[in-house]
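Here's the structure we're looking at; comments come further down.
Only the coordinates and a few stated rules stand behind these numbers; no lab work does. Since this is a predicted model, take the numbers as computed values, not measurements. FYI the Cβ positions are ideal-geometry reconstructions off the backbone, even for glycines, and counts take in every protein chain you see.
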Amino acid sequence: MAQARTYTTEQIAVVARELREAAGADEERFTGSQVVDLLDGEIRSLRQRGFTNERITGMLVSFDIELKKNEVERRSRAPGNLLRRLLWDRAAQSQSADRHSVGSRL
């Protein structure tokens, strides 16, 4: 049996950006808190490798992401998979909008 093909996060990000541009959508903007939520999986991986919340915060701040004090620590207790939920919610909204626009053309 053949293995299912897999895709990197970078490949998915490129596709998402290209699809947004093709649709003429505005670039999405996120707060520091949302960035921490979106990077939940990466932050958890860093913690498993022994990185402290302070070090992770320092890494994020080095990319000019403004965070409230203890934001990474607070988010460590938040539910994971926010990125997945955000992507699926947007996809569902887009499909719903597409269905409505097709129906109005018929």
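For region 1-28, name all the residues that are under 15 Å from the mean Cα position of the chain (by Cα) and exposed (fewer than 10 other Cβ atoms within 10 Å of the Cβ).
From region 1-28, those under 15 Å from the mean Cα position of the chain (by Cα) are 8-17, 20, 27-28; that's our starting set.
Passing the criteria: THR8, GLU10, GLU27.
Taking into account only those residues within region 1-41 that are among the basic types (Lys, Arg) and in a helix (DSSP H, G or I), which is farthest from GLU71 (Cα to Cα)?
ARG20
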